[in-house]
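Worksheet: the structure to be examined is printed underneath.
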Amino acid sequence: MRRLFCVALLLLLALTLAAEANKRSKGHRGGGKHDKSRPASECTPAETQYGKCVPEHGDCGEGLRDATCKDHTDKISCKIPCNWKKDISDCKYKFGPWGSCEAATNTKSRSGTLKRALFNADCQSTVKVSKPCSPKVKKTRGDKKSN
């Protein structure tokens, strides 16, 4: 009985070590997310000049940007969210509520103040964005359907 218990314990230990080694090898594969997003140079982020993110396809999505420091330029991966405007993609803003619909242009607008600039970007302190007005009329909770 004691011999069976020792064999079971050794088998459990071997399986645990094999699973741990497998987990470690999966986490340290070459070309991981952190490897391609950082320049290979020895520069600090403050010393590095970053170019504009250029998407691979269309106006948004995964792309590449230049990272230049001390006569050395690297291409690093970047991403432009599809709901951001191209001219403010490296700048993050805090926006207020949408204004009312302007009948002449059929657009509504809102303004935003700068929260932070990504990759040493040159950002405006305030921006104004607009979008077409919705053709749907929103109903309040008290309104009932009339059949």
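Can you tell me which residue among Ala14, Ala40, Ala19 is modelled with pLDDT of 75 or more and not acidic (Asp, Glu)? I'd like the intermediate steps shown before the answer.
Numbers: Ala40 fails: modelled with pLDDT of 75 or more; Ala19 fails: modelled with pLDDT of 75 or more.
It is Ala14.
Name the single residue that is modelled with the highest pLDDT among those in region 96-122 being over 18 Å from the mean Cα position of the chain (by Cα) and under 23 Å from Pro55 (Cβ atoms). Walk me through it before giving the result.
The first filter runs over region 96-122 and keeps only residues over 18 Å from the mean Cα position of the chain (by Cα), leaving 96-113, 122.
With the extra rule that they be under 23 Å from Pro55 (Cβ atoms), the set shrinks to 112, 122.
On the way: Gly112: 92, Asp122: 78.
Per the stated criteria, the residue is Gly112.
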Where a residue in region 117-133 is assigned by TED's automatic domain parsing to the domain that holds Pro97 and farther than 19 Å from Gly96 by Cβ and its partner, wherever it lies, is among the small types (Gly, Ala, Ser) and not in a strand (DSSP E or B), with Cβ under 9 Å and at least six apart: Leu118/Ser89; Phe119/Gly51; Asn120/Ala46; Ala121/Ser89
Neighbours by Cβ (under 9 Å, 6+ apart or cross-chain): first from region 94-109, surrounded by 13 or more Cβ atoms within 10 Å (Cβ to Cβ); second of a type in the set (Asp, Glu) and not in a loop (DSSP other than H, G, I, E, B): Lys108/Glu102; Ser109/Glu102
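The values are calculated or read from the model by the stated rules, or taken from the named source; none is laboratory data. Computed from a predicted structure; not experimentally measured. Cβ atoms come from the backbone with ideal geometry, glycine included; neighbour counts cover every protein chain shown.
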